[in-house]
Amino acid sequence: MKRLLDRFSLNATGRKGEDDAEVKADDEGYFATQFMERPDTVKASSAWTARGLAVGAHALDPEVGLSLLLKTWGKDALMASLPAQEHRKLMQHLDFVTVPPGRELIVQEEKGDYALIVLEGLVAVDRVQPTGARARLAEAREGDVLGEMSLLDAGARFASCLTLSRCSLAVLSNAALDELAIEEPRLGLALMTSTARRLSLRMRQLSARLGALLTAG
């Protein structure tokens with residue numbers, strides 16, 4: 001994660017010279033594959049391709065999707081510092097969709113290479129027990145992010161996410177994150193900072209809930 005953010009920071013600040021040489025040497029093997037440029041006509045596949053079909057996702061007008069995203073994230077410090085023309089570039093890297101209620105957006109224990117930003121609607125975040133029962137961990141609303149941990153570490157999903165209403169979503173894939181690091185590092189850094197901020201807030205909330213349960217017990 002640190003190396004990924006360092007990559008965004010390097011491209012955004014435009015440092016040259018010896019720093020470039022050090023980063024190139026350090027990243028030679030890793031970034032040769034992770035950040036390889038692809039032809040414009042080829043788009044890397046994502047697990048969302050199959051999941052989107054399974055949940056009956058429909059394309060949302062990118063202009064509408066961007067407007068909803070900026071409504072919730074546009075006031076974040078780095079995002080707010082970028083001009084409108086930079087924001088519009090997000091439409092080239094994010095997919096905007098709508099999903100009906102009662103659909104499993106993310107399945108526990110599956111591997112994932114995408115995260116979802118809730119733009120409208122309500123999503124249940126449940127931990128499925130061995131008995132099949134679902135323990136409600138949280139309910140995600142507009143501005144919340146789902147699946148960002150697996151996007152960053154390529155690990156298994158910790159919980160399942162079920163739409164409780166019709167939802168509008170922005171889909172951020174691992175491939176799109178790589179493209180942002182190469183093509184739009186300032187925009188990518190702003191997006192990742194907003195994501196990290198929300199992940200931190202969620203972890204604090206969970207810590208507070210856990211502390212309260214331990215104290216009560």
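The values are calculated or read from the model by the stated rules, or taken from the named source; none is laboratory data. Predicted, not measured: the structure shown is a model, and the values here were computed from it. Please note: Cβ atoms are built from the backbone with ideal geometry, for glycine as well, and neighbour counts cover all protein chains shown. Each accessible area value is taken on the protein alone, full model and side chains, heavy atoms only, with ligands, DNA and RNA left out. Shrake-Rupley method; radii C 1.70, N 1.55, O 1.52, S 1.80 Å.
Assorted remarks:
- Solvent-accessible ranking of LYS75, LYS89, LYS111, largest area first, probe 1.4 Å: LYS75, LYS111, LYS89
- Computed from the C-beta positions of ARG127 and ALA175 and an R0 of 30 Å, the FRET efficiency is 0.60 to the nearest 0.05.
- Sparsely packed GluC sites (Glu not before Pro) within region 40-110, loop by DSSP, other Cβ within 10 Å at most 12: GLU109
- Over region 140-217, the hull volume per residue, using the convex hull of the C-alpha atoms, is 121 Å³.
- Residue-normalised accessible area of region 41-186, expressed per residue, 1.4 Å probe, Å²: 47 Å²
- Cα gyration tensor shape of region 92-202, rounded if a/c is under 1.5, else prolate or oblate by comparing a/b with b/c: prolate
- Accessible surface, 1.4 Å probe, highest first, among residues ILE117, ILE182: ILE182, ILE117
- Orientation-averaged projected area, Cα convex hull of region 69-121 (nm²): 4.9 nm²
- Overall form of region 94-135 per C-alpha gyration tensor (a/c, 1.5; a/b vs b/c): oblate
- Projected label distance in nm at ALA80 and GLU139, using a 7 Å step from Cα toward the beta-carbon: 2.9 nm
- The solvent-accessible area of MET149, taken with every protein chain present and a 1.4 Å probe, is close to 100 Å².
- Accessible surface of SER160 - all protein chains present, 1.4 Å probe, nearest 10 Å²: 10 Å²
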